[in-house]
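Worksheet: one structure, shown below.
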Amino acid sequence: MLLANPNVTRAAYPEALREIMSIDKARQSRDWLSHWAGLNPGATPLYVLPDLAAELGVGQLLVKDESRRSALGSFKALGAPIALVRLALRRFPEHNFNVRGLLAGAYADQLADFTVISATDGNHGRALAAAARSLGCRCVIVLHANVSVEREQAIAAYGAEIVRIAGNYDESVQEAAALAFRNGWLVVSDTSYDGYEEIPRDVMQGYGTIAAEIVEACEQGFTHVFLQGGVGGLAAGIASYFWELQDAQRPTFVVVEPAQADCLYQSALAGRATQASGSVDSVMAGLACGETSPLAWRFLQPCVDFFMTLDDDEAVTAMRRLAAGSARDIPLEAGESAVAGLAALQRLAAAPALAKDLGLDANSRVLLISTEGATAPGVYAELVGESAESVRARQREWSARA
């Protein structure tokens, strides 16, 4: 399904939104993150895929590869640590914490009794657990029924205490809030709700690092940017950066999500943040969210041009195409949620009338963000038909020949 957003505008970035998220704050977050040992040094790769661009009928296709961000394997490594650092600074002003010291664990004694909690589909919880271990505070992660055992083990490896529930993601969010209330813990979530916006804002601000790196790497701008849906945090963090930078000349933004977890699509129809219409269960685990983040929606409603939903099999096809590579395209390890943008492009390439509606043609310069690698290696191997290690080996061989 494709929906042209009836509330989209082409205007300068509003001052009211700049007070919440801005390029200046993104730069500060990026500087702080550069001192965290949990991240690999430098920017993640931005690959040009000419053969895939030709297949899709666009002029140029670029993919930002967040699987290389850190050992955590996803873009979430940019949001959770920033939110946790800012929370510690606000919570304990009397200690005059230094940011570098916080990230290095210099204040672990003062934070030993400080507990944070969050619900997760996997990647945010893993990043929060890693950040909490660095700072020296306690971390509790609530997992719903559809989170794989692989992802649970990856989170637990960072010392987090795991709480399992029988429900879906949105019910895990409710359980995390209830546990926090009963125990005096603090929720560090990447989704907002009534009265809870400060921490999700900080998470989204961390994602601005991705946009900053892209701008530095590219002299030429983009005509189209495809962004994953979920609760809307990543899309808001990236879109707000480009919107502030380019004002009315910003790219066309397309937000993509699973058909059964279409909360952003439904929000566009309703004209307000609302719930998904389906079961929420999707192979695209990181996007299997039932409720839109109201804070993220404040940014997305006026600037996203199109909302689009996908079927799970389309995501699997896109995973396999990136893994395969070609003579001119480097093979890429991209997880289930990482490929939403490519899957959308493949759908549009097969429907020229829809592509025309989006202004996609041989002159288009398209940006995709591959948000994760094989964060559940067993699931990845089953879906792609080969292991992530095999894909990475072919990637190294390709690079050696290039």
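The values are calculated or read from the model by the stated rules, or taken from the named source; none is laboratory data. None of these values were measured; they are calculated from a predicted model. With ideal geometry, Cβ positions are generated from the backbone for all residues, glycine too; neighbour counts draw on all protein chains shown. These accessible areas exclude ligands, DNA and RNA; they are computed on the full protein's heavy atoms, side chains included. Shrake-Rupley method; radii C 1.70, N 1.55, O 1.52, S 1.80 Å.
General observations
- Within the stretch 116-129, the residues that satisfy the criterion of being open to solvent by 10 Å² or more (accessible area, probe 1.4 Å) and either under 17 Å from residue 71 (Cα atoms) or among the hydroxyl-bearing types (Ser, Thr, Tyr) (or both) are 123, 126.
- Single match in 221, 233 (criterion: of a type outside the set (Phe, Trp, Tyr) and more than 18 Å from the chain's Cα centre (by Cα)): 221
- So residue 313, is it open to solvent by 10 Å² or more (accessible area, probe 1.4 Å) and either assigned by the TED database to the domain that holds residue 258 or at pLDDT below 95 (or both): yes
- Checking each residue in the stretch 143-171 for being part of a helix (DSSP H, G or I), aliphatic (A, V, I, L, M) and open to solvent by 40 Å² or more (accessible area, probe 1.4 Å) picks out 149, 156.
- Residue 327 vs. criteria open to solvent by 10 Å² or more (accessible area, probe 1.4 Å), in a helix (DSSP H, G or I), touching a helix residue (DSSP H, G or I) at 6+ places or on another chain (Cβ under 8 Å) and of a type in the set (Gly, Ala, Ser): no
- Test: residue in the stretch 17-36 that is open to solvent by less than 40 Å² (accessible area, probe 1.4 Å) and closer than 16 Å to residue 334 by Cα: no
- Among the candidates 30, 18, residue that is within 19 Å of residue 249 (Cα to Cα) and among the charged types (D, E, K, R): 18
- Of the residues making up the stretch 212-238, those that are assigned to a helix (DSSP H, G or I) and crowded, with 24+ Cβ neighbours inside 10 Å are 233, 234, 235, 236, 237, 238.
- Residues in the stretch 359-374 that are closer than 20 Å to residue 252 by Cβ and either part of a loop (DSSP other than H, G, I, E, B) or open to solvent by 40 Å² or more (accessible area, probe 1.4 Å) (or both): 7 in all.
One line per residue, one yes/no per condition, for (1) in contact (Cβ under 8 Å) with a residue 12 or more places away in the chain; (2) in contact with a strand residue (DSSP E or B) (Cβ under 8 Å, 6 or more places away or on another chain); (3) within 23 Å of residue 229 (Cβ to Cβ); (4) among the charged types (D, E, K, R):
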| residue | (1), (2), (3), (4) |
| --- | --- |
| 110 | yes, no, no, no |
| 119 | yes, yes, yes, no |
| 139 | yes, yes, no, no |
| 148 | yes, no, yes, no |
| 163 | yes, yes, no, no |
| 178 | no, no, no, no |
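- Restricting the stretch 61-96 to residues that are within 14 Å of residue 188 (Cα to Cα) and of a type in the set (D, E, K, R), the residue that is surrounded by the most Cβ atoms within 10 Å (Cβ to Cβ): 76
One line per residue, one yes/no per condition, for (1) open to solvent by 10 Å² or more (accessible area, probe 1.4 Å); (2) at pLDDT below 95; (3) under 19 Å from residue 30 (Cα atoms):
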residue	(1), (2), (3)
173	yes, yes, no
177	yes, yes, no
193	yes, yes, no
197	yes, yes, no
200	no, yes, yes
210	no, no, yes
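- The lone exception for residue 287 - which of (1) modelled with pLDDT under 95; (2) open to solvent by less than 20 Å² (accessible area, probe 1.4 Å); (3) in contact with a His (Cβ under 9 Å, 6 or more places away or on another chain) it fails: (3)
- Residue 54 fulfils the conditions (1) of a type outside the set (Asp, Glu); (2) under 25 Å from residue 319 (Cβ atoms); (3) part of a helix (DSSP H, G or I); (4) touching a Ser or Thr at 6+ places or on another chain (Cβ under 8 Å) except for a single criterion, (4).
- Test for residue 338: is it under 17 Å from residue 227 (Cα atoms), in contact (Cβ under 8 Å) with a residue 60 or more places away in the chain and buried (at least 24 other Cβ atoms within 10 Å of the Cβ): yes
- Top-ranked residue in the stretch 375-402 [being in contact with an Asp or Glu (Cβ under 8 Å, 6 or more places away or on another chain) and open to solvent by 20 Å² or more (accessible area, probe 1.4 Å); ranked as nearest to residue 220 (Cα to Cα)]: 395
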